[in-house]
Amino acid sequence: METRPAYSPDAPERSVVDTWPGPLLLEFGAPWCGHCQTAQKPLGEALAGWPGRARLTHLKIEDGPGRPLGRSFRVKLWPTLILMENGVELARLVRPTQRSEIEAFLRVLPGA
């Protein structure tokens with residue numbers, strides 16, 4: 001699994017995300033966001049225990065006003081997780097707090 005350790009202010013263009021091959025997890029948030037900080041432990045645990053983690057790309061995108069990628073997905077609350085497969089949105093999870101809800105979210109992926 002490819003992942004970024006911190007939220008990156010350098011987001012890919014929407015056209016890149018829409019043509020991303022394979023499974024992609026977009027995590028929109030901000031480093032100072034308390035909800036985002038709270039979600040990191042259960043998210044890390046869910047991803048570490050997920051059997052398909054080797055083929056999943058996880059991009060942590062810093063979001064906020066003027067950030068076009070988050071706006072294009074209509075992100076309003078952080079963290080927002082968007083699970084995609086070959087450019088198609090499969091599921092969305094907002095402000096997760098439990099490992100179990102993140103694991104259920106990941107099971108939406110084909111072959112999970």
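Things to note:
- Label-to-label distance, residue 101 versus residue 86, with points set 7 angstrom from Cα along the beta-carbon direction: 3.1 nm.
- Debye log10 I(q)/I(0) at q = 0.27 Å⁻¹ for region 5-84, Cα point scatterers: -1.46
- Taking every DSSP beta bridge that has both ends in the chain, the antiparallel portion is near 55%.
- Between residue 14 and residue 55, the simple spin-label model (points 7 angstrom out along Cα→Cβ) gives 2.8 nm.
All of the numbers you see were taken from the coordinates with simple rules; none came from a lab. Given the structure is predicted, the values throughout are model-derived calculations rather than measurements. Reconstructed Cβ throughout: ideal geometry from the backbone, glycine too, with neighbour counts over all protein chains shown.
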